[in-house]
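The values are calculated or read from the model by the stated rules, or taken from the named source; none is laboratory data. All figures in this text were calculated on a predicted structure; none of them were measured in a lab. Counting neighbours? That spans all protein chains shown, and the Cβs are built from the backbone with ideal geometry, glycine included.
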Amino acid sequence: MNMTNAVTLCFLLIITCVTPLSVGSNPEYVKQCSRSDPKLKACLIDALHHLRPYLSVGIPEIELPSVEPFRMDELTLSLTGGTNGYKVQLRELFVRGASNYTVDDIKLGSPFEAIVRMPALILDAHYSSSGVLIILPASGNGTFHARFDDVKALVKGTVSTKERDGKTFLNVDNLDVALEVKNVHMRVRKIFNNNRILTEATNLFLRENGQEVLKVMEPQLKRKLSVLFAGIVNQLLRHVPVEVFLLP
């Protein structure tokens, strides 16, 4: 799966290796690297890991909010077909765990690529449904909880550069996030006026079809996460020139 948030803002830093830079100020959240370093890739991965605690709480001086949790508006899912197909709407989604990432590999340049792993992503949302689930009418409201374990994200993107006040600034033009999730756990609560039979039927469906439900989520998640992550990245990059991140 599209998920994490936040971690992708780091990956745009990897393209700076192709631009001649000069020494600049060094904020505490920046671990600087040198483009002449023979172990540049390892240094850049360390720099991305250095950012993790700052992403989790936010960086007020550059107006970057905390990514824990990050919020999405809604997902609308059609889980079964037919006239009375089972449809679910998830609203006010909050996702936690995106800042607890490890970068396995990066590909320098533009387009850039990064492989990122997260132990778990936790999703909580308001839940509403309509239609028939198995043989039971399943219209109701409640809460939705999901845990995605062992998440692998492949992040790809392109950037452009702009000169401002004698410094180079980057902008994310395109960003794509593809997710693989090893284990999926989903459940609902307080739905159908606490009707036990319908609640248990819904949770049985989610337990047995977690990966399939995730596949239905994925196209919307990819679009929403890509827009969300690009916005976070650009918020960082419009405030911090590339000269700050990479030395000659």
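Quick one: is Met72 within 23 Å of Gln220 (Cβ to Cβ), in a strand (DSSP E or B) and either aromatic (Phe, Trp, Tyr) or at pLDDT below 90 (or both)? Working first, answer last.
Working: within 23 Å of Gln220 (Cβ to Cβ): yes; in a strand (DSSP E or B): yes; either aromatic (Phe, Trp, Tyr) or at pLDDT below 90 (or both): yes.
Yes: the conditions hold for Met72.
Matching residues to (1) hydroxyl-bearing (Ser, Thr, Tyr); (2) more than 24 Å from Thr102 (Cβ to Cβ):
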{"position": "Ser130", "(1), (2)": "yes, yes"}
{"position": "Leu133", "(1), (2)": "no, yes"}
{"position": "Leu154", "(1), (2)": "no, no"}
{"position": "Asp173", "(1), (2)": "no, yes"}
{"position": "Ile232", "(1), (2)": "no, no"}
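For Thr168, only one of the following conditions fails: (1) polar (S, T, N, Q); (2) within 30 Å of Phe144 (Cβ to Cβ); (3) part of a strand (DSSP E or B). What is its number?
That leaves (2) as the condition not met.
Within segment 180-200, how many residues are of a type in the set (A, V, I, L, M), modelled with pLDDT under 85 and not in a loop (DSSP other than H, G, I, E, B)? Talk me through it step by step, then tell me what you get.
Taking segment 180-200 and keeping what is of a type in the set (A, V, I, L, M), we get 181, 184, 186, 188, 191, 197-198.
Okay, now just the ones that are also modelled with pLDDT under 85, so 191, 197-198.
From what's left, not in a loop (DSSP other than H, G, I, E, B): 197-198.
So the answer is 2.
For segment 185-244, give me each residue that is more than 22 Å from the chain's Cα centre (by Cα), of a type outside the set (D, E, K, R) and within 23 Å of Phe169 (Cα to Cα).
Start the filter on segment 185-244 by keeping residues that are more than 22 Å from the chain's Cα centre (by Cα), which leaves 188-209, 241-244.
Going one step further and asking which of them are of a type outside the set (D, E, K, R), we end up with 188, 191-195, 197-199, 201-206, 209, 241-242, 244.
Hits for segment 185-244 are Pro241, Val242, Val244.
Looking only at segment 218-240, decide whether some residue is touching a strand residue (DSSP E or B) at 6+ places or on another chain (Cβ under 6 Å), closer than 30 Å to Cys33 by Cβ and outside any helix (DSSP H, G or I).
no
So is Arg189 farther than 17 Å from Val103 by Cβ, touching a strand residue (DSSP E or B) at 6+ places or on another chain (Cβ under 9 Å), charged (D, E, K, R) and surrounded by fewer than 15 Cβ atoms within 10 Å (Cβ to Cβ) or not? Step through it out loud before you land on a result.
Working: farther than 17 Å from Val103 by Cβ: yes; touching a strand residue (DSSP E or B) at 6+ places or on another chain (Cβ under 9 Å): yes; charged (D, E, K, R): yes; surrounded by fewer than 15 Cβ atoms within 10 Å (Cβ to Cβ): yes.
In short, yes.
Can you confirm whether Ser66 is modelled with pLDDT of 70 or more and hydroxyl-bearing (Ser, Thr, Tyr)?
Numbers: modelled with pLDDT of 70 or more: yes; hydroxyl-bearing (Ser, Thr, Tyr): yes.
For Ser66, the condition - modelled with pLDDT of 70 or more and hydroxyl-bearing (Ser, Thr, Tyr) - is met.
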